[in-house]
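What follows is calculated from the coordinates using simple rules that are stated; it is not laboratory data. Since we're looking at a predicted model, the values are computed, not measured. Please note: Cβ atoms are built from the backbone with ideal geometry, for glycine as well, and neighbour counts cover all protein chains shown.
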Amino acid sequence: MDKNKLLDSYGCYTFNDDVMRDRLPNSTYRSFRETVQMGEPLSKEDATVIANAMKVWAIEKGATHFTHWFTPMTGLSAEKHDSFLEISDEKPLLQFSGKTLRKGESDASSFPSGGLRATFEARGYTAWDCTSPAFVKDGSLYIPTVFCSYTGEALDKKTPLLKSCDVMSKATVALMHALGYKDVKSAKAYVGAEQEYFLVPDEYYQKRVDLKLTGRTLLGANAPKGQEMDDHYYGSLKRKVAAFMKELDGECWKYGIPSKTKHNEAAPGQHEVACIYREVNITADNNQLLMQLMQDIAKKHGLRCLLHEKPFKGVNGSGKHNNWSIVTDTGINLFRVDEEDNLPFLATLACLIKGIHEYADLIRMTVAFAGNDHRLGANEAPPAIMSMHLGDEVNKLFESIGQEKETEEKHKERFNTGVSVVSDFSKDDTDRNRTSPFAFTGNKFEFRALGSSQSIAGPNTILNAILAVEMNEMTSLINNGAQPLEVIKQFYQEHKQVIFEGDGYSKEWEEEAERRGLPNRKNSVEAIEQFIAEKNVNMLSQLGVYSKNEIFSRHEILLENYIKTIQVEARTMVYMAKNEIYPVVLKELEKMAKTCNELKLVGIEHDYILTDLQNVSHLASLMRQKISKLEDAMKCFEESDANISEKAIIARDSIVEAMNELREIIDTIEKEIDANIWPIPTYIDLLFGI
């Protein structure tokens, strides 16, 4: 394809800045840019002009409908489609007003609200988020929006994110002014999201009830080969996978999703797509759309895209690495070391160190849900202990503050391969630490604990908030007469116990973290409870990121989601065990018993078959007992009148335990009986079947 045509097609499905500049009057376009850049309100008149231009453009792209697209507390995107069609004097018209663009209405009682809305109180509003470009998909104009209740509470993930961006920007400006950088007027959070996922053959997916209902395999013995050979990571792409990735790249290009990197991941069947940094709000929307596109496109190639954090036991699960940085309107990346002037970097990083230390429990809460419990803390993902990795050079920089000595001129170390035909090149100041949940990687921090399926909005809301609150404190101290470097040194020295440069997977680190007083919330139930800790409620509500009612409602929603996930998985496991696995095991026992009797009748050695028969029979008996134990646990849970926090504990401690015990027996049985009669596709089929 011609280079110019390729570039011209980038973002062709989006109502982006170039389209607006071409299609809007200059005055309207300038007003819109002021709204986006300075937070100025958009007039009704300008909204009407934009709505008409957006409608005309969308119709040219084949759209007949529009939808206010938002992210409710389910974490999934939501959309209700309305036609542009209106009837006037019995004649059809295509209309789309400024009012319709700016505001929509949805049934708020049908989405999770955590008690903010009673069932009979239905009205909720969607409001246009003009900072995120609208786009056309499948014949509809998608308008990114926030979603709030009739009484004003946020019922979505985007509204708090936008609020956190505002408070972070104000806090950054105030701190930069206190440090002497008076030209800074705003700051923005930028994020690049790395998305991990699995691809499995659709024919096998359709035969797995657990995959269809829960997104993960509830049963399944490990394949004889997993990822121990390290041969899948960065390996050559299989044709069907490459074709999927190529089409995904093409669609991302047209939607203006800046997909940069694609490769095989560590586990068989696992892959990754990574996107270039953009403003966090846009990246959040891009990632929601990306996950939809991945699942839709996979079907076209005879595949299924699995976004669950742990779809397969025994191999790596999938995460979503969140690369986060803060950039001022003057172009300063506050997470980039500047050889000439490190004051903004040191001040911002000192605030972040303090924030990660003081609010580690809150950060852990942002990645707490049932799916992520299967991977956090395992030897494939960061531990549940929230710590930071800075690298030796940055730590030395902090330790040197206030020391009266001349700084030596620093030269970049060169890397020499020892191969004569390969040129040497500059070496980075520090190695990467992939075991750290929050690692400095040169000009950004990589938060590696996010789950593959989750929205990035929640974690980034909290990161923005904790940075803002610590920046506000530093600004206050400096404005009251403290020297900036003294405050920076104080923040670092008092909170550097959150910094850990070693192996985060080791048992020794878990013990060391306990000595340092760092929290280790190993499961979601423990972590979610931290959302309503007094210090966290006070901090978030005082900043205005969440109201207290919104915090307590989200606490309830998170626990409800955890409980419902466990219930669905338990019911699915019982169904599979009783209706698919158990009958096959009985048939296998019947066949083995018949063979044993026939050999005995003709006087042939049969003790070995009798031993196998007894072994499988014992396992079948155990399986039946474990099924009953799981059913009893579910019944006791359903009959309990405990509060939601107590019920979540019951689900974690009784239902999950019973599920694990049942799975262990069934996975053992799978290895003992004829593979030809096993009723569901195996890990060999799913992981190596493409």
Volume per residue (Å³) of the convex hull spanned by the alpha carbons of segment 452-515 is 125
Histogram of C-alpha separations across the chain, 10 Å bin width, %
3, 13, 22, 24, 19, 11, 5, 2, 1, 0, 0
Whole-Å distance linking the alpha carbon centroid of segment 479-515 with that of segment 243-267 is 38
Quick one: Karplus J couplings for segment 11-16, per residue in order, coefficients 6.51, -1.76, 1.60, θ = phi - 60°, nearest Hz, x for Gly and Pro?
x, 5, 8, 10, 7, 8
Cβ crowding within 10 Å averaged over residues, with 671-682, 83-94 ranked highest first:
671-682, 83-94
Would you please put 68-75, 491-498 in order of how densely packed they are, using the mean number of other Cβ atoms within 10 angstrom per residue and starting with the highest?
68-75, 491-498
Provide Rg over Rh for segment 539-632; use the alpha carbon set for both Rg and the Kirkwood Rh (inverse mean inverse pair distance).
1.45
Counting pairs of alpha carbon atoms under 8 Å apart in space and at least six apart in sequence, what relative contact order in percent does the chain give?
15
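Contour minus end-to-end for residue 674 and residue 515, with contour as 0.36 nm per residue of separation and end-to-end as the Cα-Cα distance?
Result for the pair: 52.1 nm of gain on full extension.
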Distance between modelled label sites at residue 638 and residue 203, nm, 7 Å Cα→Cβ extension:
3.8
Within segment 287-356, list the GluC sites (Glu not before Pro) lying in a DSSP loop whose Cβ has at most 16 other Cβ atoms in a 10 Å radius.
339, 340
Where N is the number of residues in segment 455-560, Cα Rg divided by 2.2 N^0.38 Å
1.29
Two decimals is fine: what's Rg over Rh for segment 561-688, C-alpha atoms, Kirkwood radius as Rh?
1.11
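Can you give the net charge of the other residues whose Cβ lies under 14 Å from the Cβ of residue 347, counting K and R as +1 and D and E as -1? It would help to have the intermediate numbers written out before the result.
Details: positive: 336, 354, 489; negative: 338, 341, 470, 473, 486.
Net local charge, residue 347 excluded: -2.
For 216, 652, what's the fewest-to-most ordering of other Cβ within 10 Å of each Cβ?
Least to most surrounded, the residues fall as 652, 216.
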Among the helices of the chain (complete DSSP H runs), which have Cα atoms covering no less than 27 Å along the helix axis and a Kyte-Doolittle mean of at least 0.0?
158-178, 457-479
For a quick protection proxy, order the peptides 619-627, 185-193 by their average other-Cβ count within 10 Å, most packed first.
185-193, 619-627
Under a Cβ-Cβ cut-off of 9 Å, what is the net charge of the residues other than residue 298 that fall near it, where Lys and Arg count +1 and Asp and Glu count -1?
+1
For segment 166-270: span of alpha carbons on each principal axis (Å, largest first):
62, 31, 30
extent check for segment 3-155: Cα max minus min per principal axis, descending, whole Å, gives 52, 44, 33
